[in-house]
Amino acid sequence: MRVAALLLALLAVPAPVAAGEEVVAGLSRSAISITANFDGSDLIVYGAVKRDAPAPSDSRLEVIVTVEGPSTPITVRRKSRAFGIWVNTASVEVDRAPSFYAVATTGPLDQILSQTEDLRRKISVPQMIRSVGAPQDIADSPAFTEALIRVREANGLYSLHEGTVNLAEDTLFRTDVDLPANLVEGDYRTRFILLRDRHVVAMTETAIYVRKVGLERWLYDLAQRQPAAYGVLALAIAALAGWAASTAFRLLRNG
Amino acid sequence: MQIYLPIAEVSVNAFMLFGIGGLVGVLSGLFGVGGGFLITPLLFFIGIPPTVAVATGANQVVASSVSGVLAHLKRRTVDMRMGVVLLVGGLIGSALGIWAFNLLSRLGQIDLAVQLSYVVFLGLIGLLMFQESLRAIARARKAGPHPSVKRHQHLWVHRLPFKMKFRASGLYISVIPPVLVGIAVGVLAAIMGVGGGFIMVPAMIYLLGMPTKVVIGTSLFQIIFVTGFTTFMHAWTNRSVDLMLALLLILGGVVGAQVGTRFGARLKAEQLRILLALLVLGVALKLGVDLLIEPRELYSISAAGRP
């Protein structure tokens, strides 16, 4: 309330263009563990706006929060009919595409963010993906990037949630980001962006560490780093299970 | 209960996996089939990446074959010598299959290759089984004398060089046909994640002329080592064996096989065989139709360098 009162008192004073606003951000958790029964996670993203001068009154403050998973090179393939069946016939390699990308905003994205700012900061989903290079030999490469976005949106990996950031008193904001069960491990870059008049006035970022833990971690590491040992382990378990089954069955029948 | 599979990197229902393992276990208990040819396509249907499904399917076959072969070793119904000859071919075939698998992966055609092989082989086997069980039912109705099976026919197979004595089978034949059979089965194991018993058993009876009593034990002996080698090679070159997935399938399979064996003793085999034939045909049809109709999404995404 005091902030509001302060605001009212200063209404008459013309506000400076750059109000010297800063974001102070927080996450409900800085690390997410993928355990054996992991089936997605809810992440609460919150923060506050720090000012050394009163907030400008002639423009609305807007907030965008983005969460971006680790980027990996991927191949997008297209099927077409050949010999009566559907076969992969064309492919585009995308150098870098985030495995996960969620955007949450205080309002409709096109109304709070200008095209040029989006182009520069790569905020919206299409900008984030288009920022990667596509090869020149395929004429309709935009179709592949659109397909990439479409498929990942359908899987809940890319998403835009307009109006889901709650901004209180132009100072405190908070939103929930749903992290799906099919999460890839790595560092998830989280950006907090403040906007006025469709321009970015402040931005800060932090990271969430998503890691497999326990048995999942151990199995994954073994499979990647010592594939031969992992293969032997897989065989040993299978042989043991087969032997145990036949022994148990024999005892059951005889006993 | 959802469970996160560390290699497949998807989260699936643990009871569903247990159920798939169990269902296939029941079938293997009932009919004495390995079940790899059903597990792998069922894993496709629930969204496990085909490479992981094939590699993990092979691992599951190892477990079910080990439990089967122990009983046969005790009864001395394994022709070790023939098993080793088949195995030599199997290892060559599996290595070839793994090489082809990795090549097709790089070309982005592995899903298609795996699906096509399933459509062809499941369709063929389903039809043969269907026909065979119809004939069996007709035979049971007539209740005539059992037709005598002719053995020791002198086929072209017997004129080949490199002859070898197989005492347990009572055969003196060239090693070339069994090695070729082994190679064919090894290729199938690597590309489809199956044991290949459904190809090897008829080939051993009709092509090599082995006596029926040693056929199952010997084929299981060969399958253990070929699927074992295949599992290892997939784990080594593709890192695509998911132990968590394999464990759930094996557990389900073990329980299911016990149930299946008990039921099998009580139920009529011919009618059940028709059901199995229809199930196999159904899976082949579903996979085939998926290839024929236009997919809802023409584009697919995969990690670069991986299928």
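Taking A:A241, A:A202, A:A102 as the candidate residues, the one with maximal mean-square fluctuation in a Gaussian network model of chain A, Cα springs under 10 Å, is A:A241.
Using the beta-carbon distance between A:S114 and A:V213 and R0 = 30 Å, what value does 1/(1 + (r/R0)^6) give for FRET efficiency, to the nearest 0.05?
Working: r = 42 Å, r/R0 = 1.40.
Once the sixth-power term is evaluated, E becomes 0.10.
Take every DSSP beta bridge with both residues inside the range A:2-212 and express the antiparallel ones as a percent of the total, to the nearest 5. It would help to have the intermediate numbers written out before the result.
Working: 53 of 61 bridges.
Antiparallel: roughly 85 percent of the beta bridges in the range A:2-212.
Going by Cα centres, the range A:204-237 and the range A:57-86 are how many Å apart? So the separation of the two Cα centres works out to 27 Å. Dividing the mean sequence gap of close Cα pairs (under 8 Å, 6+ apart) by how many residues chain B holds gives a relative contact order of 39 percent. Note on chain B: with a GNM built from Cα contacts shorter than 10 Å, the maximum mean-square fluctuation among B:G260, B:G196, B:G182 falls on B:G260. Over chain A, Cα pairs under 8 Å with separation of 6+ residues give a relative contact order of 26 percent.
In summary, the aspartates and glutamates within cross-link reach of A:K122, defined as a Cα separation below 19 angstrom excluding same-chain residues under 8 places away, comprise A:E62, A:E68, A:D95, A:D110, A:E146, A:E153, A:E162, A:D187, A:D197, A:E205. Could you name the lysines whose alpha carbon sits less than 29 Å from that of B:K74, not counting residues in the same chain fewer than 8 places away? Cross-link targets: B:K150, B:K163, B:K165, B:K213, B:K268.
Just checking the listed ones, B:T231, B:T212, B:T51: in the Gaussian network model of chain B with Cα springs under 10 Å, the one fluctuating most is B:T212.
Read the figures in this text as sums done on the coordinates, not as results from a lab. These numbers were taken from a predicted model, which means no experiment stands behind them. Methodologically, a virtual Cβ is constructed for each residue, glycine included, from the backbone with ideal geometry; neighbour enumeration extends over all protein chains shown.
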